[in-house]
Amino acid sequence: MNALIVIDAQNEFSANGQRPVPNIGEAVQVIVERVAQARREKRPIAWVRHFNKPGESAAFVPATWGAEFLESLGPKAGRSLENEFHKNVYGAFTGSKIGEWLEQLETKEVLITGFYTHGCVSTTSREAIMKGLIVSLDPDATGACDMAHEELGTLTADEVRRSALLQLANMGAQITSMQREEVAAEREACT
């Protein structure tokens, strides 16, 4: 069974949050579409939320606006195939029961979406690959931030996102955008 994993779709990444993502609106729209698709197809959805450890930073503090799910996202009440997992490190498989839950559901493939592509999305993807899962990522359903280092230079948020996705693709992750899937389905229907 193929499961959707939504990583850290939280208010801190919105324009008013402490970790704004430039493409948040577009990415959230695709995540919403992926969630609707998973619900229609009766596939599991793992909702992952990050909470910083006490003293780490003022971002992602439990019971604050920034730690809450973005509007229109989060587990649907009463749907047994949706579960929420909490983490306080980059990877969702470390310190949470997501791996056990996916095993119980006999999940072999995961589609990973969310934020930051270079941080928690990347780490969770690597953990899933190491667990032997087939990993897919929708590049349009992820986002990153600008990065700068005095010796290494700067990258725009889009460059950071694409670089992280390229690295994951090199490790065997499949890159599959919903837009490309729709075009392929239309072509198939025409033949």
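Before moving on, here are some points about what is shown:
- What the Cα atoms of the range 54-114 give is an Rg and a Dmax of 13.5, 38 Å.
- Extension gain, TRP65 back to ASP146 (0.36 nm per residue minus Cα-Cα distance, nm): 26.8 nm
- Counting DSSP beta bridges with both ends in the range 67-179, the antiparallel % (nearest 5): 25
- Set against the labelled values (i) 153; (ii) 112; (iii) 136, volume of the Cα convex hull per residue in Å³ computed from this structure falls on (iii).
- Three-way shape call for the range 58-152 based on the alpha-carbon gyration tensor, with the a/c threshold at 1.5: oblate
- Calculated accessible area for the chain comes out at 53 Å² per residue, all protein chains present (probe 1.4 Å; ligands, DNA, RNA ignored).
- Across all directions, the average flat footprint of the convex hull enclosing the Cα atoms of the range 118-184 is 5.1 nm².
- Protein heavy-atom surface of the range 66-179, 1.4 angstrom probe: 49% of the accessible area is carbon and sulfur, with nucleic acids and ligands not counted.
- Percent of beta bridges antiparallel (DSSP, the chain, rounded to nearest 5): 15
- Exposure rank, largest accessible area first [TRP65, TRP47, TRP101; 1.4 Å]: TRP65, TRP101, TRP47
- Classification of the range 6-67 by its C-alpha gyration tensor yields an oblate form. The axis ratio a/c (a ≥ b ≥ c) is 1.5 or more, and b/c is at least a/b.
- Zone of ARG40's modelled label, taken as backbone nitrogen in the range 115-152 under 18 Å from a point 7 Å along Cα→Cβ: 138, 141
The values are calculated or read from the model by the stated rules, or taken from the named source; none is laboratory data. Predicted model, so just to flag it, every value in this text is computed and none were measured. Note that each Cβ is placed from the backbone with ideal geometry, even for glycine, and that neighbours are counted across all protein chains shown. What goes into the accessible areas is simple: the full protein's heavy atoms, side chains included, and nothing from ligands, DNA or RNA. Shrake-Rupley method; radii C 1.70, N 1.55, O 1.52, S 1.80 Å.
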